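Take a look at the structure below.
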Amino acid sequence: MKRKAAEKAHTGDLQMNGEAARQIRQHARASLKAEVCGVLIGNEDEGVTSVDACIPGANAVQGGSHVTFTQDTWEHIYRIKDHDYPEARIVGWYHSHPGFGVFLSDHDTFIHKNFFSSPRQVAWVYDPHSDEEGCFGWVGERLERLPRVVLVDGKGGERAGETGKPEPLLFDTGGESASEFALSAAPEASPSEVKAMLNAAGAILSYLCVLVIGFFICWFLFPSQVVRILVPVDPRTGAPLLNVPGWPEGGIPMGPNAGALSSPSAQPNNPTPPPQGAKGKP
């Protein structure tokens, strides 16, 4: 008979306040690499465990796959409970499993058996990576995952339109002109974003300076080559295909040894003597 009574410990529903569940999820999502913990505050009524609130466990020993309540953690919990929930009870605890599912490990089972051994106390587990959550409770002498958990909206029962809150005006300019409102509503860039933009602008300017300097060096050392690039010429004669004022008569030399534009001054001072045997004037 005693065992049957114990096995009925959790035949009733577990009711979790939706706001408490939201706070547990928010607490767990704030630490995606280490477990977090806390306690569940509520009451037991007619065989149903009701969770109305939660208290985060500050100063707990956290690890990637374990969490431990310390003396400082319990002092913090009882200080908040006595101040905010003097008539309520600790009906269980919660902790996160970041990235490895919902279950009770040996370490979790040890904590539950030693600190939450009451037949109606439960253990809530939430995985912030997958958003999976579940609740474990005593069924006889065993800890089992409860098949049914009811989430209760604490604000349920309010009639529509009784909140007294008007519809939000998403584009209320407050009397400002559209341009003034756009300027005031524009988000300010963070210092890191400003630094990144300045670095990008400096890099672009440095590349432009290198290109300009390189162009003038090439113009000074290889003017004919630069002209060939900038002005289309006939590859056979070197004459420009466009009308270019001041272009040397006959075009520019196209051979590999061409270094400068052809001009009368570029002709050699000592012309080549006529070959031997040629008849010259007396």
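The values are calculated or read from the model by the stated rules, or taken from the named source; none is laboratory data. Remember, predicted model here, so these are calculated numbers, not experimental data. Virtual Cβ from ideal backbone geometry, glycine too; neighbours counted across all protein chains shown.
Scanning region 75-104 for residues that are surrounded by 13 or more Cβ atoms within 10 Å (Cβ to Cβ) and within 17 Å of D45 (Cα to Cα) returns Y85, A88, R89, I90, V91, G92.
Yes/no per residue for (1) modelled with pLDDT of 90 or more; (2) within 18 Å of S118 (Cα to Cα); (3) out of contact with any Leu (no Cβ under 9 Å at 6 or more places or on another chain); (4) not in a helix (DSSP H, G or I):
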{"position": "R3", "(1), (2), (3), (4)": "no, yes, yes, no"}
{"position": "A20", "(1), (2), (3), (4)": "yes, no, no, no"}
{"position": "I24", "(1), (2), (3), (4)": "yes, no, no, no"}
{"position": "A28", "(1), (2), (3), (4)": "yes, no, yes, no"}
{"position": "S31", "(1), (2), (3), (4)": "yes, no, yes, yes"}
{"position": "L40", "(1), (2), (3), (4)": "yes, yes, yes, yes"}
{"position": "S50", "(1), (2), (3), (4)": "yes, yes, no, yes"}
{"position": "Y78", "(1), (2), (3), (4)": "yes, yes, yes, no"}
{"position": "P86", "(1), (2), (3), (4)": "yes, no, yes, yes"}
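Condition check: assigned by TED's automatic domain parsing to the domain that holds Q26, at pLDDT below 95, of a type in the set (S, T, N, Q) and in contact with a Ser or Thr (Cβ under 9 Å, 6 or more places away or on another chain). Does S65 satisfy that? So S65 fits the description; yes.
On the basis of being within 34 Å of the chain's Cα centre (by Cα) and assigned by TED's automatic domain parsing to the domain that holds V48, does W93 make the cut? Yes; evaluated as a whole, the condition is true for this residue. Name the residues in region 105-133 that are in a strand (DSSP E or B), within 34 Å of the chain's Cα centre (by Cα) and surrounded by 14 or more Cβ atoms within 10 Å (Cβ to Cβ), would you? Matches in region 105-133: A123, W124, V125, Y126, D127, E133.
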